[in-house]
Amino acid sequence: MPITVSESILSIAPYVPGKPIEELEREYGIKNAVKLASNENPLGASPGAVAAIEKSLGSLHRYPDSSAHALVRKLSAHLGVPPEAIVLGNGSDEIIVLLERLFLRPGDEVILPRPSFLMYDISVLSAGATPVSVPLKDLTVDLTEILRRVTPKTRMIFLCNPNNPTGTIVTKAAFDAFLAELPPDVIVVVDEAYIEFARDPECLRSVGYATTERPVVTLRTFSKAYGLAGLRVGYGVTSPEIAELLQRLRPPFNTSIPAQAGAAAALADREFLEKTLRVVHEGLDFLYSGLNRRSIRYFPTQANFFLIDTGRSADAVFEGMLREGVIVRSMTAYGYPDYIRINAGLPDENRRFLDALDRVLQ
Ligand SMILES: *Cc1c(COP(=O)(O)O)cnc(C)c1O
């Protein structure tokens, strides 16, 4: 091919998503497969959101409101931050891409805990900047080591809280101590994709920093607790100054009319969110006790997913589970070749997971 791209782009390992249910059913001739691989909401979407999306379909010939006025107002009230602090994205993935495009130049360093969400690497490399990996300590983001790795080239730090794939958290106290040590011009991105599930009262919730002097960007999403992964709505919360810069780069119609309507309705549907949290927390507790009874090691979580140490090749367990019709995630690509990650499902899905695991591990 007579076309070349940068070395940085060539070094990107393509993102590997969880296996879609349809693909498994097609390849293995299985019906009623269970997917516990992508941390999705097992209850589906909020019925209020689905109704609002259906109602919005009469406007599909129109362009969406670029400012998403109604949704932004509702988020502003919900979060207690000014509307000017909020930037909507086509999923929070898009906010990550916009942040990298806005702030990173070749030669800049971005500190990433490892393992964490692989999208960070992809967007840092696509901006031609240099990812600096800091290994987790006891599966937890190591803030002390991150501070040690800061150099004059450090432009940005990603924290994922709770961390995907380990489910561990940064506490508010630890975060405040960290910020006090960090040079004030380093941008801190706190990805809170799973924050709604956290049960630990010490857990950092970072939207309040948008109204402080520090360049902190909180990422939130409708994809997980709100059950709208297929709709693609996420957002960043940050200072109005950073938000204004992000708005310049944001494609004007990056959230669709159904997406804006569905997200606004989902936010109002407290009942569905509470039901989701109940089902997920009960599901996690059920899975923990099932694994305890089997003496299988696992790592308790503050998210809706957790790691299980299978004591053997996670890729082999992944394959074995597929044949049982259960999709899990092998953690080999994340540096844990014996671990799988699953999210809490419905009660019947959780039982099927444990039964299938018994057959695969026997
Ligand atoms: C799922 C997930 C997201 C959400 O991405 P969307 O683009 O909003 O669907 C963001 N960060 C992490 C760590 C995730 O696991």
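The values are calculated or read from the model by the stated rules, or taken from the named source; none is laboratory data. These numbers come from a predicted model, not from an experiment. Every residue, glycine among them, receives a Cβ derived from its backbone with ideal geometry; neighbour counts consider all protein chains shown. What goes into the accessible areas is simple: the full protein's heavy atoms, side chains included, and nothing from ligands, DNA or RNA. Shrake-Rupley method; radii C 1.70, N 1.55, O 1.52, S 1.80 Å.
When the Debye formula is applied to the Cα atoms of the stretch 59-123, each taken as the same point scatterer, what base-10 log of I(q)/I(0) results at q = 0.21 Å⁻¹?
So the normalised log intensities are -0.97.
Counting Lys and Arg as +1 and Asp and Glu as -1, what is the net charge of the other residues whose Cβ lies under 13 Å from the Cβ of residue 312?
Working: positive: 297; negative: 309, 315, 319, 338.
Counting the neighbours of residue 312, the net charge comes to -3.
Would you rank 9, 21 by solvent-accessible area, highest first, keeping every protein chain in place and using a 1.4 Å probe?
Numbers: 9 70, 21 50 Å².
Reading off the accessible areas and sorting them downward yields 9, 21.
May I ask for the net charge around residue 254, where only other residues with Cβ less than 10 Å from the Cβ of residue 254 are counted and Lys, Arg are +1 while Asp, Glu are -1? Show your work: numbers first, answer last.
Working: positive: 232, 250; negative: 94.
Net of charged neighbours comes to +1.
Can you pull the percent of the chain's accessible area that's carbon plus sulfur, 1.4 Å probe, other chains left in place? Show your work: numbers first, answer last.
Numbers: 8680 of 16010 Å².
About 54 percent, which is the carbon plus sulfur part of the accessible surface.
Normalised radius of gyration for the stretch 101-153, please: alpha carbon Rg relative to 2.2 N^0.38 Å, two decimal places. If you can, show how the numbers build up before the last one.
On the way: Rg = 11.3 Å, N = 53, 2.2 N^0.38 = 9.9 Å.
This ratio for the stretch 101-153 stands at 1.13.
Under the Kirkwood approximation for Rh and a Cα-based Rg, what ratio Rg/Rh is obtained for the stretch 274-331?
0.99
Let me know the Rg and Dmax you get for the stretch 245-305 when you use only its Cα atoms, in Å.
18.8, 54
If you put +1 on each Lys and Arg Cβ and -1 on each Asp and Glu Cβ, how big is the dipole of the stretch 24-100 around its Cα centre, in Debye rounded to 20?
Working: 7 positive and 9 negative charges, 72 e Å.
Taking the Cα centre of the stretch 24-100 as origin, the dipole is about 340 debye.
Please give, to one decimal in nm, the separation of the simple spin-label points placed at residue 319 and residue 1, each 7 Å out from Cα toward the Cβ.
3.0
Can you pull a Stokes-Einstein diffusion coefficient for the stretch 247-362 at 25 °C (0.890 mPa s), Rh from Kirkwood over Cα pairs, as a whole number of µm²/s? Could you put the intermediate results ahead of the total?
Working: Rh = 16.2 Å.
Value of D from the Cα-based Kirkwood radius: 152 µm²/s.
Using the alpha-carbon centroid of each, what span in Å lies between the stretch 177-215 and the stretch 107-160?
Answer, in whole Å: 15.
Express the Stokes-Einstein translational diffusion coefficient of the chain in µm² s⁻¹, to the nearest whole number, given a Kirkwood radius over alpha-carbon pairs, 37 °C and a viscosity of 0.692 mPa s. All intermediate terms of the calculation are to be shown ahead of the outcome.
On the way: Rh = 21.3 Å.
After rounding, the answer is 154 µm²/s.
Roughly how big is the stretch 76-235's charge dipole about its Cα centre, with Cβ charges of +1 (Lys, Arg) and -1 (Asp, Glu), in debye to the nearest 20? Could the numbers behind the result be given before it?
Values: 15 positive and 19 negative charges, 33 e Å.
Computed charge dipole of the stretch 76-235: roughly 160 debye.
Could you put 1, 156 in order of accessible surface area, largest first, with the 1.4 Å probe and the full protein assembly present? Display every interim value, and only then the final one.
On the way: 1 190, 156 0 Å².
Sorted by accessible area, descending: 1, 156.
Hey, what's the chain come to in accessible area per residue, 1.4 Å probe, Å²? Walk me through the intermediate numbers first.
Values: 16010 Å² over 362 residues.
Value for the chain: 44 Å² per residue.
Do any trypsin sites (Lys or Arg not before Pro) in the stretch 20-49 lie in a DSSP loop with no more than 14 other beta carbon atoms within 10 Å, and if so, which? Numbers along the way, then the final one.
Working: sites: 26, 31, 35; in loops: 31.
Loop-located and lightly packed - 31.
For the pair residue 61 and residue 299, what calculated FRET efficiency results from E = 1/(1 + (r/R0)^6), where r is the Cβ-Cβ distance and R0 = 51 Å, to the nearest 0.05?
On the way: r = 49 Å, r/R0 = 0.97.
About 0.55, to the nearest 0.05.
Give the longest segment of the chain that steers clear of chymotrypsin sites (Phe, Trp or Tyr not before Pro) in DSSP loops with at most 13 neighbouring Cβ atoms within 10 Å, not counting the sites themselves.
Values: sites that count: 15, 253.
No qualifying site falls inside 16-252, the longest such stretch.
Net charge within 11 Å of residue 219 by Cβ-Cβ distance, Lys/Arg positive one each and Asp/Glu negative one each, not counting residue 219 itself?
Numbers: positive: 220; negative: 93, 94, 191, 192.
Taking every other residue near residue 219 into account, the sum is -3.
Using the Kirkwood formula over every pair of different C-alpha atoms, what hydrodynamic radius in Å results for the stretch 177-223? Present the calculation step by step, with values, prior to reporting the outcome.
Numbers: mean 1/r = 0.0846 Å⁻¹.
Over the stretch 177-223, the inverse of the mean reciprocal pair distance is 11.8 Å.
Would you kindly calculate the translational diffusion coefficient of the stretch 297-359, applying Stokes-Einstein with the Kirkwood radius from alpha carbon pairs, for 25 °C and a viscosity of 0.890 mPa s, and quote it in µm² s⁻¹ without decimals?
Values: Rh = 11.7 Å.
D = 210 µm²/s.
Where q = 0.09, 0.11 Å⁻¹, what log10 of I(q)/I(0) comes from the Debye formula for the stretch 1-116, counting one point per Cα?
Log10 I(q)/I(0), no solvent term: -0.49, -0.74.
Hey, how many Å between the Cα centroid of the stretch 287-314 and the Cα centroid of the stretch 229-270?
35
Calculate the all-directions average of the projected area of the stretch 144-213's alpha-carbon convex hull, and give it in nm².
Values: hull surface 19.9 nm².
For the Cα atoms of the stretch 144-213, the hull's average projected area reads 5.0 nm².
Per the Debye formula with a single identical scatterer at each Cα and no solvent contribution, what log10 I(q)/I(0) holds for the stretch 53-165 at q = 0.14, 0.18, 0.22 Å⁻¹?
Relative scattering, expressed as log10 I(q)/I(0), comes to -0.73, -0.98, -1.17.
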